[in-house]
Amino acid sequence: MQNTRYQIISKADLLFLFGIGESTLNKWLKAGLPCRSDGRYLLTEVCRWTVKHQRDIERQKVTLSNVTQRDLIALTGRSRQTIFSWTKAGLPCNQDKSYSLAVVMRWLPGYYDRVHQGRHQRIAKRASDLIHEMNLKKVKA
């Protein structure tokens, strides 16, 4: 019998030993899980890869108080330029240039209120100016 350390296992054995489904296995393969050309797996390589993969996932976890610009783009569905304009408009960010999601969610409604209020004021002023011009033309005519 082969040494367990160098055991070559089938796909079914891998699914059973790690308690995962085929969709998880497919995700792992896309993420770089080493697979032999015959479609089987070397147990040692799989174990090493899963430990490394888990460490990578832990490093990538997003905390609500430390959201990167890329995370904020993904969470809000807005562009990088929009996030930049929000920051220029006063969106608070942490010292490391990340954002606190709670602060962002509190800040956004006030920002949109200010933006729309300014737009409404500009539209009202333009309408008032047009009415004034039309009245001047009527008086001259």
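Derivation of every value follows stated rules applied to the coordinates shown; laboratory data play no part. All values derive from a computational prediction rather than experimental measurement. Cβ placement follows ideal geometry from the backbone for every residue including glycine, while neighbour counts extend to all protein chains displayed.
Checking every one of the trypsin sites (Lys or Arg not before Pro) in region 51-103 against DSSP loop status and a limit of 12 other Cβ atoms within 10 Å picks out 61, 97. For residue 38 and residue 85, the FRET efficiency from 1/(1 + (r/R0)^6), where r spans their Cβ atoms and R0 equals 35 Å, is about 0.05. Within the straight-line cut-off of under 20 Å between alpha carbons, the aspartates and glutamates reachable from residue 125 are 113, 133, sequence neighbours fewer than 8 places apart in one chain being disregarded.
In summary, the aspartates and glutamates within cross-link reach of residue 30, defined as a Cα separation below 16 angstrom excluding same-chain residues under 8 places away, comprise 22, 45, 56. Taken along the Cα-to-beta-carbon direction at a fixed 7 Å, the label points for residue 117 and residue 52 span 5.5 nm. Put a dot 7 Å past the Cα of residue 11, heading toward its Cβ, do the same for residue 94, and the two dots end up 4.1 nm apart. Close amide H contacts of residue 68 (hydrogens built in the peptide plane, cut-off under 5 Å, sequence separation of 5 or more or a different chain): 99.
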